[in-house]
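A short reminder: the numbers here are calculations on the coordinates, not readings from a lab. For clarity, every value in this text was computed on a predicted model and none was experimentally measured. Please note: Cβ atoms are built from the backbone with ideal geometry, for glycine as well, and neighbour counts cover all protein chains shown.
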């Protein structure tokens, strides 16, 4: 491990400790909780000990849970759940035994189907594509698991230089991986062979996002810059230049022919995809309703005609043309929000760091239902 990566890694651990400490003396979340909505269900990682709660998406009624067999002995770490085919996939590790791996379970009943061991924590959500699940580990290994055989595919795992904290992007027969080692990698989806790598100016915890043309990748980094890379070669797009005033932690949102990106500087930016210039009247500064020191760690999401952002102080803010449309809660914030919200059927699903799910109407922020795991009540 290089001196640079040791410094970055130490900083991230300190940040995670600070995040958890902000939730109280005994926060419900032992790591950032995961939220997934699909198939009429909500999959939320929450509680003490943590587990996957499977909820009805319309009512919030608990239908089932998933916990790996023998997975409650020590401090658990989870990735968010990914749905693919007729299964749900999640990365799980348990500190006492040191076990880590990818787990497949029934998305309706929570019954475990199978698992494949990994060498270290799986922090990002796995990516499912064409019968294969791709995921990265904290040891820098990137895996490809064939769902039918339940085995790691030949030629995998690929070894990056440092940890992989971002979900892989699979497109056009290639796997694009942003790493904490400052490199973006392009790998052959079948063989795991490295096709190209591009070094940028900072570590990356954000999944690359591909333009609709399939020609350009956008990925944010901890140097505050957003990078535009040619998907076929990794070369930086000439003339594209954007830098926020703090880290870019999250994925970008491509919507309305613009790039929307949040930063730890507390602002939501709208950018021109061709050159990275900020489009007026943006940026929007969340400090008008959130703590001025708040960073925006979660990705922006599109809800109808508004962009939804969430703050470290627990605010959910709907923005249109750099103007706030509504925000929740209108009173004192309840808990930090670092998990990216999910928009589905006109509702905004929000997961707080204390483990609660709050579901809001995307038009006005009105509360539809909420869920608190038994351990957090």
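Note on the stretch 251-377: Cα convex hull, mean projected area over all directions, 7.5 nm².
Pull out the extension gain between residue 195 and residue 278, defined as 0.36 nm times the separation in residues minus the alpha carbon to alpha carbon distance; nm, one decimal.
That works out to 26.7 nm of additional length.
Provide the FRET efficiency to the nearest 0.05 for the residue 364-residue 287 pair, computing r from the beta carbons and using R0 = 25 Å. The calculated FRET efficiency here is 0.65. Exposure proxy ranking for 344, 149, based on other Cβ atoms within 10 angstrom of each Cβ and starting from the fewest, stands as 149, 344.
Would you calculate a helix-derived [θ] at 222 nm for the chain, using -39,500 (n - 2.57) for each DSSP H run of n ≥ 4 and dividing by the full residue count, to the nearest 500?
Values: 1 runs with 19 residues, N = 377.
After summing the helix terms and dividing by the residues of the chain, the value is -1500 deg cm²/dmol.
I'd like the distance separating the alpha-carbon centroids of the stretch 200-276 and the stretch 141-174, in whole Å. So the separation of the two Cα centres works out to 23 Å. Each of residue 256 and residue 212 was given a label point 7 Å from its Cα along the Cα-to-Cβ line. The distance between the two points is 1.5 nm. The slack between residue 69 and residue 109, meaning 0.36 nm per residue of separation minus the straight C-alpha distance, is 12.9 nm.
The packing ranking, built from the mean of other Cβ atoms within 10 Å per residue, places the peptides 37-45, 350-358 in the order 350-358, 37-45, highest first.
What FRET efficiency comes out for the pair residue 305/residue 171, r = Cβ-Cβ distance, R0 = 25 Å, nearest 0.05?
0.35
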